[in-house]
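Student: Submitted below is the structure of interest, expressed as structure tokens.
No value in this document is a laboratory result; all are computed from the given coordinates. This structure is a prediction, so every number in the text was calculated from the model and none was measured. Cβ sites come from the backbone with ideal geometry, for glycine too, and all protein chains shown count toward neighbours.
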Amino acid sequence: MTDKVTILIYTFPERGYESRAFSKIVSSIERTWENVGKLKTVIVASHHFADVDNFASQHSNVEIQIEPSLVYGSITTMSMDCIKRLYTRFSTPYVLIIQDDGYPVRPGLEQFVGKWDFIGAPSVRNGRRRLMNLLGFPCLNGGFSLRSRRICIRAANAWNRWWRFFLNPKSRFFFEDTFYTMTACLGWSYRHGLKFAGEKDAFTFAFDSLKGLISKPKGIEPFGIHGHSTIALQRRLVTRQETH
């Protein structure tokens, strides 16, 4: 496993408030290590600050990469990095992207590695997923996701060759996971040969409630979670189990 997957997380905190923001990053990383092992971990940061540098100095498996284009409060700057440069940030066949609100909650990463080029929580509300799947759009969430290096390279190529002329990366509706699993899928050269997880496998990998718009299928305990509302749901479930 150690030679197949790199863990990657972004941090672009407001200057002067780095400690508070990075403490959540550390929590996600530590939860991830507990469930998948201390794999090589890349932290893509907007700038150097004491907490991130100290954390890296304490863990030999952590690498800091500085990306000045990341801007506090701008998710689109992270989206552009995921599209244009993600494949350059790791050399393993796969990358596991985590966030302060997206991480594994149990062991089991090995059951997903090597099967798909992209797997993440379903990101279309109940009732619409079937239509999107029939149209050929997997629509999977990228906040907590496992991707192959191959799809990251194709995403960069698709952007550079075509989509940069048609899409406005400054739009507040521009999200990298939508690009990976919907927009770029319109192109045959991008989609050909790539494997996206189906709905059942995607729910087994991760769950994001999208603030109540998506219901978790009964009988499925996801490997990971994403979204602050989903974290709150996870805490309620744990509390309920502990009281019985």
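Student: For segment 5-243, what does the relative contact order come out to in percent, with C-alpha contacts under 8 Å and a separation of six or more?
Tutor: 22 percent
Student: Roughly how many nanometres apart are two label points built 7 Å out from the Cα toward the Cβ at Gln234 and Ile75?
Tutor: 1.8 nm
Student: Share of antiparallel DSSP beta bridges in the chain, in percent to the nearest 5? Please report the intermediate quantities before stating the final value.
Tutor: Details: 12 of 29 bridges.
That works out to approximately 40 percent antiparallel.
Student: Under the rule a/c < 1.5 gives rounded, and otherwise a/b versus b/c splits prolate from oblate, where does segment 171-215 land using the Cα gyration tensor?
Tutor: On the way: a/c = 3.44, a/b = 1.29, b/c = 2.66.
Because a/c hits 1.5 or more and a/b fails to exceed b/c, segment 171-215 counts as oblate.
Student: Could you calculate the FRET efficiency of Ser171 with Arg128 from 1/(1 + (r/R0)^6), where r is the beta carbon distance between them and R0 is 22 Å, rounded to 0.05? All intermediate terms of the calculation are to be shown ahead of the outcome.
Tutor: Numbers: r = 22 Å, r/R0 = 0.98.
So, using R0 = 22 Å, E works out to roughly 0.55.
Student: Across all directions of projection, what mean area in square nanometres is found for the Cα convex hull of segment 45-177? Walk me through the intermediate numbers first.
Tutor: Details: hull surface 40.2 nm².
Approximately 10.0 nm², given one-decimal rounding.
Student: Within 10 Å, count the other beta carbons around each residue, average over each peptide in 145-153, 101-109, 189-197, and list them highest first.
Tutor: On the way: 145-153: 21.7, 101-109: 19.7, 189-197: 16.3.
Sorting 145-153, 101-109, 189-197 by mean packing, highest first, produces 145-153, 101-109, 189-197.
Student: Here is a further query. So, in Å, what gap is there between the alpha-carbon centers of segment 5-50 and segment 76-119?
Tutor: That distance is 14 Å.
Student: Could you give the length gained by full extension between Glu34 and Gln65, i.e. 0.36 nm per residue of separation minus their alpha carbon distance, to one decimal place?
Tutor: On the way: separation 31, 0.36 × 31 = 11.16 nm, distance 2.31 nm.
Going from the current span to full extension adds 8.8 nm.
Student: How do the peptides 42-49, 69-76, 23-30, 221-228 rank, highest first, by the average count of neighbouring beta carbon atoms within 10 Å per residue? Don't jump to the answer; show the numbers that get you there.
Tutor: Working: 42-49: 19.1, 69-76: 13.9, 23-30: 15.9, 221-228: 21.6.
The packing order, highest mean first, is 221-228, 42-49, 23-30, 69-76.
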